[in-house]
Amino acid sequence: MGAAAGRGPDREYPTRRTVVAGAAALSVSVAAARTARALPAPSAAPALTDLERALLSRATFGWTAEDAQQLATLGHETWLRTQLVPSSIDDSALDARLAAYDWIPMTGPEMYDHPTLSPWEIAQEGRSVRLLRATYSKRQLLERIVEFWTDHFNIFGQTGDTDVLKQVDDREVVRRHALGSFRDLLHASAKSPAMLHYLDNDTNEVGAPQENYAREVMELHTLGVDGPYTESDVRELARCFTGWTYYPVWQLNVGGTFRFRADRHDDGAKTVLGISIPAGGGMSDAETVLDALASHPSTARFVSGKLARWLLGYDPPQAVLDHAERVWRGTGGQIAEVVRALLSPRVLKAANPWGEPKLKRPFHWVVSMYRVTGVDLDDPSATIWETWRLGQTPFQWAPPNGYPDVEGAWASNLLPRWSNAAGYAAGWSWSTDFEPDELRAMLAGAPKDQWARAIHAALGGGFSGTDLAVIQAHADGFSSESNQAVSECFELAFSSPSFLRY
Amino acid sequence: MNESSIHGRSDGCDEYVDVERRAALHALRRGAAAMVGRRRRGAAALASSAAALPRVAFAGGGGAPARDVLVFCFLRGGMDGLSLCPPYADPDYVSMRGPLAVPPPGALGGALDLDGTFGLHPAAAALLPAYQAGDVAFVQGAGSTDPTRSHFDAMKLIEGGVPNQGASAVETGWLGRHVAAMPPAQPGALLRAAALDDVFPLTLAGAPQSLAIPKLAEFDLDGYGSTRALRQSRLRTMYEAIDGPLAAGALSTLDNIDALSSIDFDGYAPSGGAVYPDSTLGEAFRNTAALIKADRGVEVVEIDKGGWDHHDNQGVGAGRFFDMIGELCQSLGALHADLGSLMGSVTVACMTEFGRRVDANGSAGTDHGRASCMVLMGGNVVGGRVVRDWIGLGPAALDDLAVPVRIDYRDVLAELLTDRMGDPAAASRFPNHAPTDLGLFDG
């Protein structure tokens with residue numbers, strides 16, 4: 001990676017004009033042709049352009065009529081700008097559901113002192129809250145980006161103190177900075193007691209350093225595994241982080257909050273990534289390196305590329321990746337600006353999401369089914385247990401790299417989804433009161449020989465001709481419009497490749 | 001570090017051809033061996049068990065190479081080979097390991113002696129009977145020649161079976177390529193490779209007729225029973241219309257619903273007094289035994305176990321490593337007892353992406369190192385020994401504070417594929433590598 005250093009950041013930083021010119025160049029290099037996969041937008045749904053439908057699929061956990069209506073009203077760029085200022089969006093319906101969780105705004109010590117809930121119960125409720133936000137929040141783009149950072153700065157929620165401290169991390173690190181500055185996000189994560197515990201830095205001390213966090217912060221959080229760091233950099237950075245810990249959770253008032261222990265810090269001189277860190281710097285040693293990591297060109301390339309793959313496709317065109325990297329560097333890692341660039345009409349079109357769809361991960365898939373059917377998840381804790389076998393329960397990925405986002409990892413474990421769809425559509429879910437009558441209502445009175453078209457409309461379109469033909473054939477095979485007939489036609493829709501992909 | 005510094009050889013084409021030729025010779029020898037029965041157990045043992053052997057053991061007839069079922073266990077996170085198989089008699093072991101050294105045999109909580117130099121962690125005692133029966137070999141000091149100490153880079157390279165960094169696009173695994181290149185061991189087999197996990201591992205990527213199955217006992221399609229078959233055919237029509245991994249995964253799933261749901265995993269009764277741990281891992285091994293005995297033509301079962309990244313509270317007489325190695329070895333011991341004579345057509349291989357540093361860190365744990373210890377189990381493993389090229393733990397021997405890699409994991413796996421999986425081109429599953437035969441298996 002010596003080449004990156006040789007280019008020099010000054011010359012690389014684009015002006016506003018080069019950013020715009022880059023975006024323009026993109027649209028020329030695009031094979032934007034749609035495949036035959038999507039039928040024309042169903043008439044019952046708001047009239048969205050193909051590009052707007054692609055935006056909804058990228059920026060939300062799945063189609064709802066209400067979101068589609070809002071996008072149709074505001075238009076692509078205004079809707080996107082609004083989503084990027086989540087506080088401007090009324091989310092009172094979600095807030096009403098979350099009111100039951102009084103610990104959400106609490107500090108770590110307050111949670112540990114909770115009058116009725118054990119740490120284990122708070123962790124369980126934390127998974128429920130994640131499900132509710134993904135399903136019901138109007139700030140959908142925020143939730144998609146939160147999902148991204150939750151994996152990027154992954155913390156396993158069952159590692160000792162992380163049961164409670166991950167809830168604080170979710171609020172103070174991931175959600176607070178999800179659309180802010182990457183530098184602030186990185187610094188907040190480095191001081192997050194949950195991260196300090198999960199990656200063992202809480203026991204990293206002078207004379208007995210331990211390098212777990214120091215390695216992963218470079219490999220996974222910033223530079224990437226191909227980044228320009230060495231084993232020596234890992235060890236030197238571990239020395240910088242000695243003494244970064246948190247107060248024991250049982251300690252009154254301060255338990256579970258960040259603590260720098262100067263008496264456990266290695267105050268000798270260090271060299272990390274070629275940066276000389278003089279002796280006696282205390283806590284600033286690691287902060288200096290975090291700043292260098294946040295602004296490093298390798299970080300810009302690695303993280304912006306990962307964000308592009310998250311939002312657009314497994315293998316976006318190089319021009320798209322280059323553009324994301326330029327915006328990242330041009331804005332100093334302002335996340336909202338990178339997201340805005342990636343989802344802009346021109347870049348979205350260049351990424352050709354119709355031709356190269358992604359496979360929804362299990363959580364995304366089940367949430368998209370809940371959203372489009374408008375189910376009332378009134379016992380989300382039970383829903384978490386019911387969906388556990390899908391394989392992607394929030395905060396349950398143990399290694400530090402986060403749940404995988406590659407098709408091959410998830411494509412051969414589909415039976416839990418199909419069975420879940422079958423049980424849900426049949427009205428047999430034991431965590432909800434969802435009934436086939438609600439699916440019947442979504443058919444809007446269509447006769448049985450029109451059900452495939454009606455389902456296509458009710459689920460927001462995007463179904464292939466094959467999938468619709470199969471659904472209609474299944475409907476045709478029933479002699480009456482029974483509950484079983486309704487349920488199974490929706491089951492097949494939720495189990496189809498068209499609904500599994502986005 | 002590169003390969004030639006370890007084994008003093010090049011990667012030239014001539015050697016590659018030699019390997020192919022040697023594999024062919026192996027196959028011939030194997031044919032002869034099959035006629036007289038397995039070498040160490042003798043004809044009597046074979047005679048008493050022949051009726052129970054699955055067809056795979058004899059697939060292809062007398063002259064064909066053995067086609068074992070492989071149970072591959074990837075221990076993710078960096079399993080500490082120095083704790084599993086401690087070199088208690090190495091003069092530098094105790095001083096280098098400090099508080100995390102396993103005490104010598106005879107001491108309180110001491111290792112179980114294996115060969116006078118190496119021992120077995122006391123929590124791994126459940127594996128000792130299989131070792132004493134000659135069915136377990138430890139390959140100490142094994143690992144990847146690539147120096148990375150990143151979990152994810154090391155796993156990518158090892159699972160991909162590719163040599164060193166620079167191979168950034170790794171899309172298939174060594175074992176996936178083996179399955180893809182071989183004809184099915186049982187004609188018409190619907191499930192050739194299964195990963196007992198939520199996510200599908202890179203090791204198996206590329207294998208046809210393969211699935212990730214988190215719970216074998218729940219492998220069925222819910223919904224109305226009256227349309228169960230019809231809905232499967234509807235799904236088949238949908239997924240036949242698309243391409244790529246999703247289509248392959250969906251069609252393999254549909255192929256196997258009837259076949260797997262007809263096996264009574266929940267009611268399975270292990271043989272030989274085997275007791276599997278009451279845990280996810282124990283259940284995976286128990287179901288694996290049931291799947292092997294059901295004889296549906298499965299060739300590979302991968303069971304991954306994460307959580308070996310013991311940077312803190314690793315423990316010796318108690319602790320995280322103690323608990324995990326106990327669970328693993330109880331599972332292996334139970335499988336060995338349960339399969340009994342069937343172990344003559346099953347090979348188990350356990351490995352990790354790297355070992356730990358020799359010195360303990362400040363958190364009563366260990367940081368990322370280099371070589372670790374592989375475990376091989378099977379009736380045709382030349383077992384009851386600790387295979388190694390040991391140069392000690394003195395400062396000069398170490399690779400940047402870690403056990404140096406003296407045995408290339410690819411040599412072990414290539415030999416396994418050649419000798420036990422009937423692969424005539426095993427070397428080609430590991431690009432740019434000419435394997436050395438270590439004599440690990442009866443072939």
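Assorted remarks:
- Considering (1) among the small types (Gly, Ala, Ser); (2) within 14 Å of the chain's Cα centre (by Cα); (3) not in a helix (DSSP H, G or I), the lone condition that B:ALA360 does not fulfil carries the number (2).
- Within this structure, A:ILE455 passes the test of being β-branched (Val, Ile, Thr), buried (at least 19 other Cβ atoms within 10 Å of the Cβ) and more than 13 Å from chain B (Cβ to nearest Cβ).
- Search result, residues across region A:326-360 that are free of Cβ contacts under 8 Å to residues at least 24 places away in the same chain and under 19 Å from the mean Cα position of the chain (by Cα): A:GLU337
- Where a residue in region A:367-395 is more than 23 Å from A:ARG501 (Cβ to Cβ) and in contact (Cβ under 8 Å) with a residue 60 or more places away in the chain and its partner, wherever it lies, is outside any loop (DSSP other than H, G, I, E, B) and among the charged types (D, E, K, R), with Cβ under 6 Å and at least six apart: A:ILE384/A:ARG127; A:PHE395/A:LYS166
- Given (1) more than 7 Å from chain A (Cβ to nearest Cβ); (2) buried (at least 19 other Cβ atoms within 10 Å of the Cβ); (3) of a type in the set (Gly, Ala, Ser); (4) assigned to a loop (DSSP other than H, G, I, E, B), number of the condition B:ALA194 does not satisfy: (4)
- Hey, B:LEU84 surrounded by fewer than 20 Cβ atoms within 10 Å (Cβ to Cβ) and either within 18 Å of B:LEU376 (Cβ to Cβ) or touching an Asp or Glu at 6+ places or on another chain (Cβ under 8 Å) (or both) or not: no
- Considering each residue of region B:339-350 in turn, none proves to be within 14 Å of chain A (Cβ to nearest Cβ), touching a strand residue (DSSP E or B) at 6+ places or on another chain (Cβ under 6 Å) and within 28 Å of B:ASP437 (Cα to Cα).
- Entry remark, region A:54-72: residues being over 19 Å from the mean Cα position of the chain (by Cα), buried (at least 21 other Cβ atoms within 10 Å of the Cβ) and touching a residue at least 40 places away in the same chain (Cβ under 8 Å) number 1 in total.
- Here A:ARG309 meets each of (1) basic (Lys, Arg); (2) crowded, with 22+ Cβ neighbours inside 10 Å; (3) closer than 26 Å to A:THR78 by Cα with one exception, condition (2).
- Hey, A:PRO400 part of a loop (DSSP other than H, G, I, E, B), more than 9 Å from chain B (Cβ to nearest Cβ) and surrounded by 18 or more Cβ atoms within 10 Å (Cβ to Cβ) or not: no
- Filtered residues of region B:278-295 (kept if crowded, with 19+ Cβ neighbours inside 10 Å and either within 14 Å of chain A (Cβ to nearest Cβ) or not in a helix (DSSP H, G or I) (or both)): B:LEU281
- Criterion (part of a helix (DSSP H, G or I) and either closer than 21 Å to B:ALA142 by Cβ or free of Cβ contacts under 8 Å to residues at least 40 places away in the same chain (or both)) met by exactly one of B:LEU339, B:LEU332: B:LEU332
- Residues considered: B:ALA269, B:ALA259, B:ALA247. Of these, the only one that is hydrophobic (A, V, I, L, M, F, W, C), surrounded by fewer than 16 Cβ atoms within 10 Å (Cβ to Cβ) and under 17 Å from B:LEU190 (Cα atoms) is B:ALA259.
- Taking region A:113-143 as the range and being aromatic (Phe, Trp, Tyr) and either part of a loop (DSSP other than H, G, I, E, B) or within 16 Å of A:THR393 (Cα to Cα) (or both) as the test, only A:TRP120 passes.
- Residue list for region A:462-501, filter: assigned to a loop (DSSP other than H, G, I, E, B), surrounded by fewer than 22 Cβ atoms within 10 Å (Cβ to Cβ) and more than 8 Å from chain B (Cβ to nearest Cβ): A:PHE478, A:SER479, A:SER480, A:GLU481, A:SER482
- Residues that are assigned to a loop (DSSP other than H, G, I, E, B), modelled with pLDDT of 90 or more and of a type in the set (S, T, N, Q) are absent from region A:15-26.
- Yes/no for B:GLY161 being surrounded by 23 or more Cβ atoms within 10 Å (Cβ to Cβ), away from chain A (no Cβ under 11 Å) and of a type outside the set (A, V, I, L, M, F, W, C): yes
- Total residues in region B:138-157, condition in contact with a helix residue (DSSP H, G or I) (Cβ under 9 Å, 6 or more places away or on another chain) and more than 9 Å from every other protein chain (Cβ to nearest Cβ): 10
- Scanning region B:394-443 for residues that are part of a helix (DSSP H, G or I), farther than 16 Å from B:ALA66 by Cα, touching a residue at least 60 places away in the same chain (Cβ under 8 Å) and under 17 Å from the mean Cα position of the chain (by Cα) turns up B:TYR409, B:ARG410, B:VAL412, B:ARG429.
- Number of the exception - B:PRO208 against (1) surrounded by 18 or more Cβ atoms within 10 Å (Cβ to Cβ); (2) more than 9 Å from chain A (Cβ to nearest Cβ): (1)
- Considering each residue of region A:359-375 in turn, none proves to be at the interface with another protein chain (Cβ under 7 Å from one of its Cβ atoms), surrounded by 21 or more Cβ atoms within 10 Å (Cβ to Cβ) and modelled with pLDDT under 95.
- Being charged (D, E, K, R), in contact with an Asp or Glu (Cβ under 8 Å, 6 or more places away or on another chain) and at pLDDT 95 or above is a description that does not apply to B:ARG149.
- Matching residues in region B:224-260 - criterion: being touching a residue at least 40 places away in the same chain (Cβ under 8 Å) and more than 10 Å from every other protein chain (Cβ to nearest Cβ): B:ASP255, B:ALA259
- Screening region B:97-152 for residues that are of a type in the set (Asp, Glu) and buried (at least 17 other Cβ atoms within 10 Å of the Cβ) and picking the one that is nearest to B:ALA274 (Cα to Cα) gives B:ASP135.
- Any hit, region A:187-208, residues being away from every other protein chain (no Cβ under 14 Å), touching a residue at least 60 places away in the same chain (Cβ under 8 Å) and among the aliphatic types (A, V, I, L, M): yes
- Residue match in region A:403-425 (condition: part of a loop (DSSP other than H, G, I, E, B), more than 9 Å from chain B (Cβ to nearest Cβ), without any contact (Cβ under 8 Å) to a residue 60 or more places away in the chain and on the phi < 0 side of the Ramachandran plot): no
- Of the residues making up region B:265-276, none is outside any loop (DSSP other than H, G, I, E, B) and either of a type outside the set (Phe, Trp, Tyr) or out of contact with any Gly (no Cβ under 9 Å at 6 or more places or on another chain) (or both).
The values are calculated or read from the model by the stated rules, or taken from the named source; none is laboratory data. Just so it is clear, the structure is predicted and the values come from calculations on it, not from any experiment. With ideal geometry, Cβ positions are generated from the backbone for all residues, glycine too; neighbour counts draw on all protein chains shown.
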